[in-house]
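The values are calculated or read from the model by the stated rules, or taken from the named source; none is laboratory data. Treat the numbers as computed from the prediction; the structure is a model and nothing was measured. Quick reminder, even Gly has a Cβ in these numbers, built from the backbone with ideal geometry, and neighbours come from all protein chains shown. Please note that ligands, DNA and RNA were not included when accessible areas were found on the heavy atoms of the full protein model with its side chains. Shrake-Rupley method; radii C 1.70, N 1.55, O 1.52, S 1.80 Å.
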Amino acid sequence: MDNLSEMRSGADPGPDTILDGSRFVRACLRRPVDRTPVWFLRQAGRYMQEYRDVRKHHTLVEICKQPELAAEVTITAAEKLGVDAAIIFADLLLPLEPMGLDFEFQAGEGPVVHHPVRTAADVRALRVDRAEELSYVARAIQKVAAHFKDRLGIIGFCGAPYTLASYMIEGGGSRNYIETKRMMYHDPVSWRLLLDKIVTVLEDYCRLQVLAGADVIQIFDSWVGSLSLSDYRDYAFDASKRLVRAVQAMGVPVIYFGVETAGLLGEMASTGADVLGLDWRQPLDEGWRAVGYNHAVQGNLDPITLFAPLEILEQRVKEILRSANGRVGHIFNLGHGIVPNTPVENVQAVARMVREFRLA
Ligand code: CP3
């Protein structure tokens, strides 16, 4: 689809039928759809037996780096769930490696960066010229695109500048983001240089993904909810906005995702992202109002509701669909990723409930 930027800019895209483009991409652009599209954050993961079988023989990073395996995992999950979009199997941290930072996933600990970025010299040493090393992700996308053709939307992704910077500085997950905020407040020059470097690499990385066939790019700002509105404005907004605009200029819509963002949604929407991710801590319609109806939204079932009995699950799914009220531009999803031990049949049931839902 190369006329997406025209559609967004309001230029006449020509005759539109409800079948033009995938249901998922159409919803991202707030065009009418035959029914609400659905997919799930972290739909390929440890809760799924097929994924665990592949993981018995390969590490997470090995799966990411072998396009055949990454494509298989991506396709299997999407087919098994009956969703409208497939997110490429990769990880947020992959761009750290070509920037010069080694990391590993330690069992039960999450990611660990061996030499975290703490000083101005550490920031200066980061490389920005090797994003091409990530082309294994592009090759996986090509395989997924060849499999699904136009049947499903294909989502490429990357981390947002703030969230990636926080991993690079903290060296892993964090509760209070003290080192990240310390650099932000004490050495704003290095902070800005770090974010600039991240944006440079992510632009190249997203371009690889779009050229390979990604229909949409999702930018994960998973930890942005750790920022006050003022700090978001002063230290994170600008880099996110530049990345959003650069990806849109490649001709695809952007989904901008975060959690615990109720106080930030209006500002996050000002990046110009086509779609904003909403978590479950506020009702979907309230979140949508905060974002503005000139944006699409994605969300917002609590992933832990997938452990509830089907009657309760159905009630929650319907509440969300009713509060979207048939307005164009809703993509059904969770507010955050599926966790290990989630019953697969409940995820399939939710996909079915969304596919079958009609407003009374
Ligand atoms: O279907 C999919 O969504 C899978 C593709 C995917 C993975 N990571 C694979 C993965 C995606 C979209 C991600 C993004 C990602 N990675 C994010 C943003 C999403 C979010 O949840 O906000 C983040 C923060 C990361 C970093 C990361 N990767 C962490 C914190 C962890 C450990 C978490 C844990 O539960 O152990 C990972 C590991 C990881 N990445 C797994 C998967 C399927 C699970 C670990 C494994 O298979 O060994």
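Computed values, structure above
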{"item": "Subset of Lys80/Lys318; Lys56/Lys241; Lys197/Lys318; Lys65/Lys241 violating a 32 Å alpha-carbon distance limit", "result": "Lys56/Lys241; Lys197/Lys318"}
{"item": "Per-residue SASA entry for Arg322, accessible area with 1.4 Å probe, Å² rounded to 10", "result": "130 Å²"}
{"item": "Angstrom value of the Kirkwood radius, inverse mean 1/r, which spans all Cα pairs in the stretch 79-225", "result": "16.1 Å"}
{"item": "Largest to smallest principal axis extent of the C-alpha atoms in the stretch 283-360, angstrom", "result": "37, 27, 16"}
{"item": "Net dipole in debye of the stretch 36-356 [+1 Lys, Arg Cβ; -1 Asp, Glu Cβ; about Cα centre; nearest 20]", "result": "260 debye"}
{"item": "Backbone N within the stretch 258-275 under 19 Å of label point (7 Å from Asp238 Cα along the Cβ vector)", "result": "267-273"}
{"item": "Positive-pole candidate from Val113, Gln43, Tyr293, dipole of the stretch 36-356, charges at beta carbon", "result": "Tyr293"}
{"item": "Column: log10 I(q)/I(0), Debye, Cα scatterers of the chain, q = 0.11, 0.15 Å⁻¹", "result": "-0.71, -1.40"}
{"item": "Coil-residue GluC sites (Glu not before Pro) of the stretch 52-155, DSSP, other Cβ within 10 Å capped at 15", "result": "Glu109"}
{"item": "Length added when fully stretched, His57-Ala360, from 0.36 nm per residue minus Cα-Cα", "result": "104.2 nm"}
{"item": "Share, in percent, of DSSP beta bridges within the stretch 36-356 that are antiparallel, nearest 5", "result": "20 percent"}
